[in-house]
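Quick notes on the structure that follows.
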Amino acid sequence: MEREDIVGKKFWGYTVISQNRQRPSLYLCRCECGHEAIIQRSELIRGTRKRCRHCSRQMRSPDLTGKRFGMLTVLGRCETPEYYSDQQSTYYTVRCDCGIEFPCRGSELTRGIRYSCGCTRRAPKGGRKA
């Protein structure tokens, strides 16, 4: 019995790009978000792998866009910055009331750990007279 060629077909959020020559049951697939993964044929057919880890994480985490946390306003989601090793968290671009924009971990916002860019610590307190 010959297997049906699935290259070029779409399964859930994945599009099959090519078949592995050494292991014919493995396929290179591209998710809707652009990430690529090697997936077994059976996982595609049965639907046990519907989307990549990146998309699954985005769907699990709440969208904080437009919400305020202290002096910070959330502008939208962003990719994990290179200098952060934590690939499991969702990051947002935020703007402080002083005008500085920077990436911030969503959990830091929701747990009250981050509420400004640090400008409140840099501001002089109680004006010293010279």
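The values are calculated or read from the model by the stated rules, or taken from the named source; none is laboratory data. All values reported here derive from a predicted model rather than from experimental measurement. A quick note on method: Cβ atoms are made from the backbone with ideal geometry, for glycine too, and the neighbour counts reach across all protein chains shown.
General observations
- Residue pairs meeting the criteria (Cβ under 8 Å; at least 6 apart or on separate chains; first loosely packed, with under 11 Cβ neighbours inside 10 Å, in the range 40-51; second not in a helix (DSSP H, G or I)): S42/S25; S42/T48; G47/F11; G47/W12
- Considering the range 1-32, the residues that are closer than 13 Å to C55 by Cβ and touching a residue at least 24 places away in the same chain (Cβ under 8 Å) include one that is nearest to the chain's Cα centre (by Cα), namely C31.
- Qualifying positions in the range 90-114 - at pLDDT below 90 and in contact with a helix residue (DSSP H, G or I) (Cβ under 6 Å, 6 or more places away or on another chain): T90
- Within the range 65-89, considering residues that are polar (S, T, N, Q) and at pLDDT 90 or above, the one surrounded by the most Cβ atoms within 10 Å (Cβ to Cβ): T73
- Here L28 clears all of (1) surrounded by 14 or more Cβ atoms within 10 Å (Cβ to Cβ); (2) modelled with pLDDT under 90 except the condition numbered (2).
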